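Following: one structure in structure tokens, then a few remarks.
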Amino acid sequence: MKQTPEFDKIQQQMKKGVITLDGFLGDDTRNLVDIIASDSMTVSRLNTTCKAIADRMEYFKELGLTGLGEFISVDDTFDVKVDSVRGLLPSPFGGKGMYGKINTTVVNKKTGRSVVYTDLHIHFIADHCFFEGKGSPFRLEPEDLVTVLEVGEVEQ
């Protein structure tokens, strides 16, 4: 895929200080389409899809909301907590509006590993297969999500 002027504009929105203090790219100097293509290949190698990962993230978020800010146990394998911070963030990709500053923490009790993600991450992954740039403080590694959340394999 080629970096278009539209992707150039989106990438500008992702820089430090534009939408968020830290931005979404970290120290990754690649074009946005190359970041997305690289992560898409990783997801494919893991025998799943970005949609399956995002669906699993949404699943845990919805269950975690019932805990009212406290950890709840899910399937005897996971502890999940959802915290909300005031405010909304727009997506640099544009789209359906603003995303709440909601943090979901999922702990896989079998592995002892955990991930923390936001509603904006779910949107990024579901709609754009974007996990943030390398070096971003909030980057999510596809391998970590698949392992910790136990995302099943999907026929592609």
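Brief remarks follow.
- If you go through segment 59-78 and keep only what is among the charged types (D, E, K, R) and buried (at least 16 other Cβ atoms within 10 Å of the Cβ), you end up with just 61.
- Count of segment 11-60 residues which are polar (S, T, N, Q), touching an Asp or Glu at 6+ places or on another chain (Cβ under 8 Å) and either in a helix (DSSP H, G or I) or at pLDDT below 95 (or both): 1
- Search result, residues across segment 47-79 that are more than 16 Å from the chain's Cα centre (by Cα) and touching a residue at least 24 places away in the same chain (Cβ under 8 Å): 47, 64, 71, 76, 77, 78, 79
- Checking 140, 120, 88 one by one, the residue that is without any contact (Cβ under 8 Å) to a residue 60 or more places away in the chain, of a type in the set (A, V, I, L, M) and open to solvent by 70 Å² or more (accessible area, probe 1.4 Å) is 88 and no other.
- Residue match in segment 114-130 (condition: over 12 Å from the mean Cα position of the chain (by Cα) and either modelled with pLDDT of 95 or more or not hydrophobic (A, V, I, L, M, F, W, C) (or both)): yes
- Hits in segment 141-156 - residues which are more than 17 Å from residue 118 (Cα to Cα) and either modelled with pLDDT under 95 or in a helix (DSSP H, G or I) (or both): 143, 147, 152, 153, 154, 155, 156
- Close Cβ contacts (under 9 Å, 6 or more residues apart or on different chains) running from residues in segment 27-40 that are free of Cβ contacts under 8 Å to residues at least 24 places away in the same chain to residues that are open to solvent by less than 20 Å² (accessible area, probe 1.4 Å) comprise 29/133.
The values are calculated or read from the model by the stated rules, or taken from the named source; none is laboratory data. Being a predicted model, the structure only gives us computed values, none of them experimental. Backbone-built Cβ (ideal geometry, glycine too); neighbour counts: all protein chains shown. Accessible surface areas use protein heavy atoms only, side chains included; no ligands, DNA or RNA. Shrake-Rupley method; radii C 1.70, N 1.55, O 1.52, S 1.80 Å.
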